[in-house]
Amino acid sequence: MSLTLEKITKVVDGELHINDVNLNFEPGSFNVLLGRTLAGKTSLMRLMAGLEKPTSGRVLMNGADMTGIPVRHRNVSMVYQQFINYPNLSVYDNIASPLRLAGDDKKTIDRKVRETAEILRIESFLNRMPLELSGGQQQRTAMARALIKDADLILFDEPLVNLDYKLREELRQEMRELFKVRNTIAVYATTEPNEALALGGTTTILHEGRAIQYGEAAEVYNFPDTVECAELFSEPPLNLTKGEISDSEVTLDQATHFPLNADLAGLGRGNYIFGVRPSHLALFPVNEDDLEISVKVELAEISGSETFLHVRNKHLSLVLHLTGIYQYEVDAPIKVYMPTHKIFVFDEDGKILKVPTRLPIVNQAAQVTGGLQHG
Amino acid sequence: MAEIHLRQLAHSYSANPQGHKDYAIREMDHVWEKGGAYALLGPSGCGKSTLLNIISGLVTPSEGQILFDGHEVNSLTPQQRNIAQVFQFPVIYDTMSVYDNLAFPLRNVGKTEAEISAKVKDIAYMLELEDVLKKKAKNLTADEKQKVSMGRGLVRDDVSAILFDEPLTVIDPHLKWKLRRKLKQIHEQFNITMVYVTHDQLEASTFADKIAVMYGGQVVQFGTPRELFEKPEHTFVGYFIGSPGMNFFEGSFQQNELYLEGQLISLDKEMKSKLAITPYNSLKLGIRPEFVEVLDANSPLLNKLNSNDNDAKTALLESCANCFKCEVLLVSDLGTYKIVTLKLGDTEFKARLPEEQTVPSGSVYVRFPGNWLKVYADEYLID
């Protein structure tokens, strides 16, 4: 079954929640809706499910207009942020409930409940009550209930947000496995770029009710259409600065200069917005044409195995994403290195003009151990 | 401020504890030095909240002593211990102004209004609350309220220690790093003993100079963020710190040789003699995904060969120490890096590669550099 959203708009109390969204979801596809809080992810999902009617536009399933058809006449499942189960039913009965409603026979129900519970690794908890389980197990129960009825469309509204990060890691990987062999359309909403990349499939970036870019996750990540897309699909966000290209040099924020290189020469003189990925900045020079910038440390945020280093000087404010652990005191003066050939260039309206192409191969071992010596 | 010493401390909620299982905190000896920035990190149920409540005086330990600067405080109330606490949710007086909220702890101990005014202004400046001092607390945003809550903890300079219990839970994600910066600045400025309790590795490693990782009622490692990453002393630390966590393999030690999934591991003499005398029930080998080398034509090892002779390459790979042929199961492109899932023998493991590196499908050679391959006997590091 395919699902098409055609010119969907939703207005609530005079406020535009969804603005002219056109999307197509293929049978068996895994689709991520990526956007910040209030971007319209939940609203769009409720429209897909039939929990809401669009103000204008059509929802088509397999080409047939389903716009006015309420949720109970559609074959749709939904998993929410909160772990929603029937508290007075056992895990077994929770998972079985959609099939009982559909009037399946006892034997089929038993077989499917056990199969589904096994996939989600909760087969040993079938006789327990949901509230006796951990958050992760409760959410697995809710997922099992959504999966068991072979819905045409399964909607996940930030299902992992209330779990700790170790569980999130595990469940993310399982989600991919789960949908490899299904014919269901899965739609998964998240605020986290890294989750969208980890889940793979197609990504739609939602911003202020509009679908601003759509495509394979890696494609959208590597080739953002606009500044907004690049910012929204990068955690930490892409470092952005205004700047200028003259006949001979590039100037960032009127203060930091470097000679015009072959990569940027074709763009011509003028004002631009430049972007550099946090992971492309380094604490030591990697290539000859790297630009040295003196900065002060605002904060070294350390996440177990990686460091997000916030730095700034009078003109620039940058974030570095480093593999390994680097501890710095607040306000420590350091130097950072910007690869002048790995720069995204946007026009003044934020439209992409150039994505970096020269990606030199750096051996990872050298990078990690070298980094550790420096830090 | 004070040094906090937990001496032979243990706690059981059961009146008649029988074994390890009955203890929320298993016997420990632990010192939080004066003026340090510490974190207590662990998953839910590990005992970290119990330990925090024991330090603050909300729970009396069933065994052992808590010493503040060498004096036992077991029977003292939180007030008598002079501990400030900042909780998950802001604790403030809604109907009072921000100024009065910050002044409250000082008025309680009888400071003069002049002293109070000076101190409140200092704290308000530091926490960037100057513009809202006259506002009623109930009209503040969630993060402003939490800043006031922190300010109430910081306003007295005579406290023994400040305890933070997941203080950034209610803060908007993009504001969190600013408050983390504030907390670090405050610590660098005042050098108050601070203990920060959290289940989040980012919160813990960003704030603390040293982290106590708790698991099953025990502190399994007390170290710097870098030590937890580079040299986990317990398999739980390897698993819990880092995303993804450390890879583990079954190990065996026979006739003075160490094997990983049946493959010989090169090992120095010192390590061999340690292994020979260490008693254990289970032996594991661990390596972090960041340190697994996936060998390709650009690896230093093959680069040296300077030849396109494939047989020579294969021979080199087959003979190099700790190099193994693995099955490639999955390559996950996370934009800034790749996570590759590989299989060696029966064990799946992960490698983290830079975005530029390509990985062939089918099979690939990996190398486990000896200095990053750790040996664990009954879950504890042999070092």
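Residue check: is A:Leu206 in contact (Cβ under 8 Å) with a residue 24 or more places away in the chain and either in contact with an Asp or Glu (Cβ under 9 Å, 6 or more places away or on another chain) or within 13 Å of chain B (Cβ to nearest Cβ) (or both)? When the stated conditions are applied, A:Leu206 does not pass them. Among the candidates B:Glu270, B:Glu290, which residue alone is outside any strand (DSSP E or B) and away from chain A (no Cβ under 14 Å)? When all the criteria are applied, what remains is B:Glu270.
Yes/no matrix, rows are residues, columns are (1) farther than 19 Å from B:Val120 by Cα; (2) within 10 Å of chain A (Cβ to nearest Cβ):
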| residue | (1), (2) |
| --- | --- |
| B:Leu154 | no, no |
| B:Asp157 | no, no |
| B:Ile162 | no, no |
| B:Leu168 | yes, no |
| B:Leu175 | yes, no |
| B:Lys178 | yes, yes |
| B:Lys182 | no, yes |
| B:His187 | no, yes |
| B:Met194 | yes, no |
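State which residue is surrounded by the fewest Cβ atoms within 10 Å (Cβ to Cβ) when the search covers only the stretch A:1-36 and only residues that are within 22 Å of A:Ala217 (Cβ to Cβ) and polar (S, T, N, Q). Result: A:Asn22. Within the stretch A:87-159, which helices (runs of 4 or more DSSP H) (wholly inside it) include 3 or more residues that are touching a strand residue (DSSP E or B) at 6+ places or on another chain (Cβ under 6 Å)? The helices (runs of 4 or more DSSP H) meeting that bar are A:135-148. If you go through the stretch A:224-235 and keep only what is more than 12 Å from chain B (Cβ to nearest Cβ) and outside any helix (DSSP H, G or I), you end up with A:Asp225, A:Thr226. In the stretch B:335-356, of all residues being facing another protein chain (nearest Cβ under 7 Å) and surrounded by fewer than 20 Cβ atoms within 10 Å (Cβ to Cβ), the one that is nearest to the chain's Cα centre (by Cα) corresponds to B:Pro354. Is there any pair with a first residue in the stretch A:275-290 that is more than 12 Å from chain B (Cβ to nearest Cβ) and farther than 15 Å from A:Phe258 by Cβ and a second that is in a loop (DSSP other than H, G, I, E, B) and of a type in the set (Val, Ile, Thr) whose Cβ atoms are under 8 Å apart and which are 6 or more apart or on different chains, and what are they? Sorted first by the residue in the stretch A:275-290, then by its partner, the pairs are A:Gly275/A:Ile343.
Within the stretch B:254-267, does at least one residue satisfy the condition of being in contact with a Pro (Cβ under 8 Å, 6 or more places away or on another chain) and assigned to a strand (DSSP E or B)? No: zero hits.
B:Val292 - would you say it is modelled with pLDDT of 95 or more, touching a strand residue (DSSP E or B) at 6+ places or on another chain (Cβ under 7 Å), of a type in the set (Val, Ile, Thr) and more than 21 Å from B:Ile382 (Cβ to Cβ)?
On the way: modelled with pLDDT of 95 or more: yes; touching a strand residue (DSSP E or B) at 6+ places or on another chain (Cβ under 7 Å): yes; of a type in the set (Val, Ile, Thr): yes; more than 21 Å from B:Ile382 (Cβ to Cβ): no.
No, not satisfied.
Cβ-Cβ distances below 7 Å connect the following pairs, each with a first residue in the stretch B:313-337 that is farther than 16 Å from B:Gly362 by Cα, a second residue that is among the small types (Gly, Ala, Ser) and surrounded by 18 or more Cβ atoms within 10 Å (Cβ to Cβ), and a separation of six or more residues or different chains: B:Leu334/A:Ala198; B:Thr336/A:Ser279.
Does A:Ser246 qualify as being among the small types (Gly, Ala, Ser) and over 20 Å from A:Leu33 (Cβ atoms)? It is true that A:Ser246 is among the small types (Gly, Ala, Ser) and over 20 Å from A:Leu33 (Cβ atoms). Per the conditions (1) within 13 Å of another protein chain (Cβ to nearest Cβ); (2) in contact (Cβ under 8 Å) with a residue 40 or more places away in the chain, the sole criterion not satisfied by A:Gln138 is (1). Residues of the stretch A:319-360 being more than 24 Å from A:Ala265 (Cα to Cα) and under 24 Å from the mean Cα position of the chain (by Cα), which ones? Residues satisfying the conditions are A:Val319, A:Leu320, A:His321, A:Leu322, A:Thr323, A:Gly324. Taking the stretch A:110-158 as the search range and keeping residues that are of a type in the set (Ser, Thr, Tyr) and touching a helix residue (DSSP H, G or I) at 6+ places or on another chain (Cβ under 8 Å), which one is nearest to A:Asn88 (Cα to Cα)? Among residues in the stretch A:110-158 that are of a type in the set (Ser, Thr, Tyr) and touching a helix residue (DSSP H, G or I) at 6+ places or on another chain (Cβ under 8 Å), the one nearest to A:Asn88 (Cα to Cα) is A:Thr141.
Any residue at all in the stretch B:312-319 that's closer than 17 Å to B:Phe291 by Cα and surrounded by fewer than 17 Cβ atoms within 10 Å (Cβ to Cβ)? Even if it seems obvious, please write down each step before you answer.
Going residue by residue through the stretch B:312-319, those that are closer than 17 Å to B:Phe291 by Cα are none.
So far as the stretch B:312-319 goes, no, none of its residues is closer than 17 Å to B:Phe291 by Cα and surrounded by fewer than 17 Cβ atoms within 10 Å (Cβ to Cβ).
The values are calculated or read from the model by the stated rules, or taken from the named source; none is laboratory data. Worth saying up front: this structure is predicted, and the values here are computed from it rather than measured. Cβ atoms come from the backbone with ideal geometry, glycine included; neighbour counts cover every protein chain shown.
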